[in-house]
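J.: Here it is: the structure, laid out below.
The values are calculated or read from the model by the stated rules, or taken from the named source; none is laboratory data. Remember, it's a predicted structure, so these values are computed and weren't measured experimentally. Methodologically, a virtual Cβ is constructed for each residue, glycine included, from the backbone with ideal geometry; neighbour enumeration extends over all protein chains shown. Just so you know, the surface numbers come from the protein's heavy atoms only, side chains and all, with ligands and any DNA or RNA stripped out. Shrake-Rupley method; radii C 1.70, N 1.55, O 1.52, S 1.80 Å.
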Amino acid sequence: FRFIQATQPDTWDALQRVYGPKVEARVLERIMETKAKDGTLHLLRQGFRDVTVGQVKLAYFRPNTGLNPDTAARYAANILEVTDEVHHSTRDTADRLDLVLSLNGIPVATAELKNSFTGQTVENAVKQYKFDRNPKDAVLTFKSGALVHFAVDASDVFMTTKLAGKATFFLPFNRGRDCGAG
């Protein structure tokens, strides 16, 4: 809501006039409908359409040039958040993700973090995604959930865009020194 208010104040005012105290519920409803129908990437690129005010943007991408200060200001208004220990499952209230990265309140990435102090590696994080995470949970659902899921330890990073239980395929995401791993 803060992003829409900051970048599209006239649109927000119009939404408030139409929906009154239910404006936030209506915006959330449209976001969820668009995510379910078209997916998260479409939602971020195109926003959603409301019959009363037209198109509502949910993100602005970096402009190609700095010639237009308005587009640069809208891009700078994006709100990037990192949330740790996110409870995400309706079936298991103890189930949580180590990190969720969000753009303007919309989850775009999840991460399972492991470290040598606990004796765990990136392989443990991969197994956790494959066997302990339900790919039908909203934030994990392909297309309408987060766009990417990272398995991370102190030395390695792997990623996948689609969780599919034991069939999930992870790719290396390492960008080490001189094109090396790590």
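J.: Right, ARG49: open to solvent by 90 Å² or more (accessible area, probe 1.4 Å), farther than 22 Å from VAL100 by Cα and in contact with a Lys or Arg (Cβ under 9 Å, 6 or more places away or on another chain) or not?
T.: Criteria met by ARG49.
J.: Pairs under 8 Å by beta carbon, first residue more than 20 Å from THR40 (Cβ to Cβ) in segment 162-173, partner open to solvent by 80 Å² or more (accessible area, probe 1.4 Å), six or more apart or different chains?
T.: Close Cβ pairs (under 8 Å, with a partner that is open to solvent by 80 Å² or more (accessible area, probe 1.4 Å)) amount to GLY165/PHE131; LYS166/PHE131; PRO172/ALA181.
J.: In addition: Can you go through LEU28, LEU41 and tell me which one is under 15 Å from LEU103 (Cβ atoms) and either touching a strand residue (DSSP E or B) at 6+ places or on another chain (Cβ under 8 Å) or in a helix (DSSP H, G or I) (or both)?
T.: LEU41
J.: Which residue pairs have Cβ atoms under 7 Å apart, sit 6 or more places apart or on different chains, and have a first residue in segment 30-53 that is of a type in the set (Phe, Trp, Tyr) and a second that is open to solvent by 20 Å² or more (accessible area, probe 1.4 Å)?
T.: Once the first residue is of a type in the set (Phe, Trp, Tyr) and sits in segment 30-53, its partners that are open to solvent by 20 Å² or more (accessible area, probe 1.4 Å) give PHE48/ARG30; PHE48/ILE31.
J.: Inspect segment 93-103 for any residue being modelled with pLDDT of 90 or more and under 17 Å from THR7 (Cα atoms) and give the result as yes or no.
T.: The answer is yes, given that some residue of segment 93-103 is modelled with pLDDT of 90 or more and under 17 Å from THR7 (Cα atoms).
J.: Just a yes or no: is a residue in segment 46-58 of a type in the set (Asp, Glu), modelled with pLDDT of 90 or more and either assigned to a loop (DSSP other than H, G, I, E, B) or under 18 Å from THR141 (Cα atoms) (or both)?
T.: Checked segment 46-58: no residue is of a type in the set (Asp, Glu), modelled with pLDDT of 90 or more and either assigned to a loop (DSSP other than H, G, I, E, B) or under 18 Å from THR141 (Cα atoms) (or both).
J.: Could I ask something else about it? Pull up segment 59-70, narrow it to residues that are without any contact (Cβ under 8 Å) to a residue 24 or more places away in the chain and part of a loop (DSSP other than H, G, I, E, B), then point me to the one that is farthest from the chain's Cα centre (by Cα).
T.: The first filter runs over segment 59-70 and keeps only residues without any contact (Cβ under 8 Å) to a residue 24 or more places away in the chain, leaving 61-70.
Now drop any that are not part of a loop (DSSP other than H, G, I, E, B), which leaves 61-68.
On the way: PHE61: 15, ARG62: 17, PRO63: 21, ASN64: 23, THR65: 26, GLY66: 27, LEU67: 29, ASN68: 27 Å.
That would be LEU67.
J.: Residues to consider are ASP132, ASP137, ASP84; find the one that is under 19 Å from the mean Cα position of the chain (by Cα) and open to solvent by 40 Å² or more (accessible area, probe 1.4 Å). Full working, then the answer.
T.: Working: ASP132 fails: under 19 Å from the mean Cα position of the chain (by Cα); ASP137 fails: open to solvent by 40 Å² or more (accessible area, probe 1.4 Å).
Just a single option satisfies the conditions, and that option is ASP84.
J.: Only one of LYS22, LYS37 is farther than 14 Å from PHE1 by Cα, loosely packed, with under 15 Cβ neighbours inside 10 Å and not hydrophobic (A, V, I, L, M, F, W, C); which?
T.: On the way: LYS22 fails: farther than 14 Å from PHE1 by Cα.
Every option except LYS37 fails the conditions.
J.: Step by step: first the residues of segment 1-19, then only those that are without any contact (Cβ under 8 Å) to a residue 24 or more places away in the chain and of a type in the set (D, E, K, R), then the one that is least open to solvent (accessible area, probe 1.4 Å). Which residue is that?
T.: So, considering only residues that are without any contact (Cβ under 8 Å) to a residue 24 or more places away in the chain and of a type in the set (D, E, K, R), the one least open to solvent (accessible area, probe 1.4 Å) is ASP13.
J.: Then there's this: Determine which member of the set VAL122, VAL108 is open to solvent by less than 30 Å² (accessible area, probe 1.4 Å) and of a type in the set (A, V, I, L, M, F, W, C).
T.: Among VAL122, VAL108, only VAL122 is open to solvent by less than 30 Å² (accessible area, probe 1.4 Å) and of a type in the set (A, V, I, L, M, F, W, C).
J.: Only residues that are out of contact with any Ser or Thr (no Cβ under 9 Å at 6 or more places or on another chain), of a type in the set (D, E, K, R) and closer than 19 Å to PHE169 by Cβ: list them for segment 91-137, please.
T.: GLU112, GLU123, LYS127, ASP132, LYS136, listed by residue number.
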